[in-house]
Amino acid sequence: MMLSGVLLAHSDDFCYDDERCDPYAWGDNYPSCHPLLESHHSPINLNHQLTKNGSLDSLNLEGFNLTPKGHWRLVNQGYSIVLEVGDGMQVSGGGLPGIYRTVQLHFHWGSVFTSGSEHTLDHLRFPMEVSSLHNENFHPISSALSFVAYKGQTKPIPPFPLINLLPQNNLAQYYRYHGSLTTPPCSQVVLWTVYEVPIYISWSQFDRFISGIYSTQEDENDQALLHDNYRHIHPTYSRTVYASKDARRLTNRASCLTLFHLLNVLQLFGLLNL
């Protein structure tokens, strides 16, 4: 599972499945989304061509093991489901140049027949990391999805320790590179941290995304399910993709294809310096 600490700023005039406003056309309305030579856009393809960096150790996740007071807010923004988590959680260490605030979780998924992850693994894309076992830690989110089925709907949900949505025993295993937001305005200011160990959810939890979330408002005549909400892959160019000192799967070509099936239900731990 991939978690995002990104503060997004954009309007609603973009989409994923209409040729007039799909990711390849974003540059028409948002010039900064138009990829140029040597630009640092995301997502990218992750493969075994990595540089090991012994200074990249586990991140310091302040407040992630606590249950915040009040309520968080689940929102259907028409192009994604977003969980706004408020204040109180910070990320530092692990080679980061400063302290980052965790702002929201930004969800991406495919459909029954297609894949939905944004980053790819050796050019393979996956819809989610799904198992037969129900993930109780993910239940507060999946159980609230029916309340935000349509664009503009919101649902308060009780907070929980956000560490439950991370690979707690493998926090020192990740990949790092400089990239961009994967939605307009595609600002090239994101320092991506991609954990290599998966978080699983059940098929029934996955199905709530692909069959119950709409990109349209409830009173619209033509209802459209929201799915395949991912941006296309961009060249790495001269960027270096680093592996943390404890990362082991993509650093070994033989095990590269057995890496966790990239889940982009939650967008990666993309960190935007605020």
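Readers should treat all values here as calculations from the given coordinates under stated rules, not as data from a laboratory. No experiment lies behind these values; they were computed from the predicted model shown. Cβ placement follows ideal geometry from the backbone for every residue including glycine, while neighbour counts extend to all protein chains displayed.
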Original post:
By the scheme Lys and Arg +1, Asp and Glu -1, what is the net charge of all other residues having a beta-carbon under 13 Å from that of P158?
Top reply: +3
**OP:** Provide the net charge surrounding A25, with neighbours chosen by a C-beta distance below 13 Å and charges set as Lys +1, Arg +1, Asp -1, Glu -1.
**Re:** -4
Subject >> For segment 30-164, convex hull volume per residue from C-alpha positions, Å³ >> reply: 184 Å³
Original post:
Pick from P97, P68, P35: which is most flexible by mean-square fluctuation in a GNM of the chain where alpha carbon atoms under 10 Å apart are linked?
Top reply: P97
Original post:
If Lys and Arg each add +1 and Asp and Glu each add -1, what is the summed charge of the other residues whose beta carbon sits under 11 Å from the beta carbon of R248?
Top reply: +1
Subject >> Shape call, the chain: gyration tensor on alpha carbons, a/c limit 1.5 >> reply: rounded
Subject >> For the chain, size of Cβ-based charge dipole, Lys and Arg +1, Asp and Glu -1, in debye >> reply: 1040 debye
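Using a 10 Å cut-off around each Cβ, can you sort H119, H108 from fewest to most neighbouring Cβ atoms?
Values: H119 27, H108 31.
Exposure proxy ranking, most exposed first: H119, H108.
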Original post:
Relative contact order of the chain: what whole-number percent is it, with Cα pairs under 8 angstrom and at least 6 residues apart?
Top reply: 34 percent
Original post:
Measuring from label point to label point, each 7 Å out along Cα→Cβ, what is the D57 to I99 span in nm?
Top reply: 2.0 nm
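Mind giving me the FRET efficiency for N47 and F147? R0 is 35 Å, r the Cβ-Cβ distance, nearest 0.05 is fine. Mind showing how you got there, number by number?
Values: r = 39 Å, r/R0 = 1.13.
Here the calculated transfer efficiency is 0.35.
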Subject >> segment 179-196 - phi-based ³J(HN,Hα) in whole Hz, Karplus 6.51/-1.76/1.60, Gly and Pro as x >> reply: x, 9, 4, 9, 9, x, x, 6, 4, 8, 10, 9, 9, 7, 10, 10, 6, 8
**OP:** Can you give me the three principal axis dimensions of segment 47-100 from its C-alpha atoms, in Å, biggest first?
**Re:** 39, 28, 17
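Calculated FRET efficiency, N65 and R20, Cβ-Cβ r, R0 51 Å, to nearest 0.05?
On the way: r = 45 Å, r/R0 = 0.88.
Plugging the Cβ-Cβ distance into 1/(1 + (r/R0)^6) gives 0.70.
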Subject >> Pairwise FRET efficiency - L225 versus A172, Cβ, R0 = 35 Å, nearest 0.05 >> reply: 0.35
Original post:
lysines within cross-link reach of K155: Cα-Cα under 22 Å, excluding same-chain residues under 8 positions apart?
Top reply: K69
**OP:** Rounded to the nearest Å, what's the spacing between the alpha carbon centres of segment 228-245 and segment 112-185? Just the number, please.
**Re:** 18 Å
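Kindly work out what percent of the DSSP beta bridges joining two residues of segment 23-272 are antiparallel, to the nearest 5. Working shown, then result.
On the way: 32 of 38 bridges.
If we restrict to bridges inside segment 23-272, about 85 percent are antiparallel.
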